[in-house]
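Remarks on the structure that follows.
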Amino acid sequence: IGTWVRLFEGSVNLLWFGALGNGISSLTEDKAALIDAIAYLNSVNGGSLYVPDAKDSFYAFSGNAIFVGDNTEIYGDGKYLSAIRNVDPTVGTYLNGPIFMFSTYGAGGITGIFQEGLDHLPLNDAAQGATSIILDNISDADDLFVGEVVILGCESYLKAGDPLKGRFHYQENNEIIEIDGATLYLKYPLSIPLQTDGSSNPPVLVNINNTTTINTPANVTNALSKNIHVHDMSFTQSQEGLVDGDVLGILSGPFQLGGVFEGTFENLYIEYYDGPAGNMWNHVSFINNHIRSERHLMDFGYGSNDVTFSYNIYEFIDSPASDISASLFIINDGTHNIRINNNYCSGAWNDQNIFIISQAKDVKILNNTINFPQFNQDGIGIFINDDDEFQSRDVEVGNMLLYVDSMGQFIRMGGDATVVDADRNIYIHDIQIKGTHLTSTYDESLYLNNMNGVRISNINLPSGDFYVHNANDCIINNINAP
């Protein structure tokens, strides 16, 4: 009867699986309940897990993540309620991994998309905006199915010395909604072109579900997660006891988001070591969350597209984990269609760069406040560059208040000298830069090199020293600088 009731209501309660919510004293019961509840939802192709508020305590967990499958909702009683905390199994003050893993891809190491055991199925070229793709070999369709999420990409490159860490410069995830012979119809129009580059890099479909490889830290078969909704909860992790680089290297936030396809993370309170980082975010929204973190705020990693990060509050917490250098927002490795709007960041953050946009396109960063009055590093405020012969383009950064002490350079844009493009379509505008000393430790406040088609307007800078080289069809106006 209990199982029937759960299926009928479409939701399970964490307490039904034996959770107590008494903090570290109920670690055994709470951890088992979380594992069993998610395992149950995975076995019935999804559903909802309700986590009732533990009142003045929290649900305890310790370990290296529970894999969450498709069509899953996890929710509680409010943004600052229903807390789950990853703790040390002996004293409750140490963490060693995420609580939930919504994908086993994207975390790096042997979980990359070029790992052994993954099928890479050749495709015909397809234009941006296409709603279907055609397999080179019709027999490859036998290994695919309607509803499957696949990786589409081209122009691959491999990390030096490690072929398992390959990347696609043009990459996205998409869902197959119909199969007609060798033609696959997609849920979303292609946001990138899939075009052979004239060498050995034709477009391919990565059949990530046709593998038996294991994600070792999570001890589960590699998989992706689609249709995920996490909301109205609190995730906290303690930071005492961080000792050396080996320990810090295995730490992460309460969930690993790499590979999520169609996900919403909203109305959450998150306090942990690392920001909500993850590779291969696709059609994901991260909205109205309160984040307290010891390191960077957001790392989109590689292959992320159609992601919205808006109306979030970020507070920096100083801890031993903060000694690991990182930039605040990292948008790189072929990410595209990224929106970062209406966020407020504050605290004594004093690390590397504020925004780094590398090998990315179609990025809009608007209406954000960055309030780090102690920031006095040699980092960059807005850093746009190319890498691996892949250019950044179609970028807008505007309507921002940037409050710092001093900085290396406030705007730096450096393109690959081999890239010839008449119009990068990069627009930096309406930025108020304030601070105690407001000095630039570099010789120039504005650095522009090997970039065509750049517009910069309505900005105050601490210095009128600009470096502009090999930059054609550019407009720089309404700059207030001594």
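The values are calculated or read from the model by the stated rules, or taken from the named source; none is laboratory data. All values derive from a computational prediction rather than experimental measurement. Here the Cβ is made from the backbone with ideal geometry for all residues, glycine too, and neighbour counts use every protein chain on show. Heavy atoms of the whole protein, side chains included, go into the accessibility calculation; ligands, DNA and RNA do not. Shrake-Rupley method; radii C 1.70, N 1.55, O 1.52, S 1.80 Å.
When the chain is fully extended, how far beyond the present Cα-Cα distance does residue 396 get from residue 77, taking 0.36 nm per residue of separation?
Separation in residues times 0.36 nm, less the Cα-Cα distance, equals 111.1 nm.
Could I have the simple spin-label model distance between residue 43 and residue 374, label points 7 Å from Cα toward Cβ, reported in nm to one decimal?
Spacing of the two 7 Å Cα→Cβ label points: 5.0 nm.
Would you mind getting the accessible area per residue of segment 361-482, heavy atoms of the protein chains only, 1.4 Å probe, in Å²?
Per residue, segment 361-482 has 43 Å² of solvent-accessible surface.
Within a Cβ distance under 13 Å of residue 269, other residues only, what is the Lys/Arg minus Asp/Glu net charge?
Overall, the nearby charge balance is -3.
What's the carbon and sulfur percent of segment 348-436's accessible surface, probe 1.4 angstrom, rounded to a whole number?
C and S atoms contribute 39 percent here.
Using 0.36 nm per residue, how much length does the chain from residue 441 to residue 477 gain when fully extended, once their Cα-Cα distance is taken away?
Answer, rounded to one decimal: 10.6 nm.
Filter the cross-link list 31/187; 31/79; 79/364; 187/364; 364/434 down to pairs whose alpha-carbon distance in this structure exceeds 30 Å.
With Cα atoms farther than 30 Å apart: 31/187.
Sort 351, 473 from largest to smallest accessible area, using a 1.4 Å probe on the heavy atoms of the protein chains.
473, 351
When the Karplus curve 6.51 cos²θ - 1.76 cosθ + 1.60 is applied with θ = phi - 60°, which whole-Hz ³J(HN,Hα) does each residue of segment 29-44 get, with x for Gly and Pro?
With coefficients 6.51, -1.76 and 1.60, one gets 5, 5, 4, 4, 5, 4, 4, 5, 5, 5, 4, 5, 5, 4, 6, 10 Hz.
At a Förster distance of 30 Å, what's the computed FRET efficiency of residue 32 paired with residue 137, Cβ-Cβ distance as r, to 0.05?
Computed FRET efficiency for residue 32 and residue 137: 0.05.
Between beta-carbons, use under 13 Å as the cut-off and find the net charge around residue 341, counting Lys and Arg +1, Asp and Glu -1.
Net of charged neighbours comes to +1.
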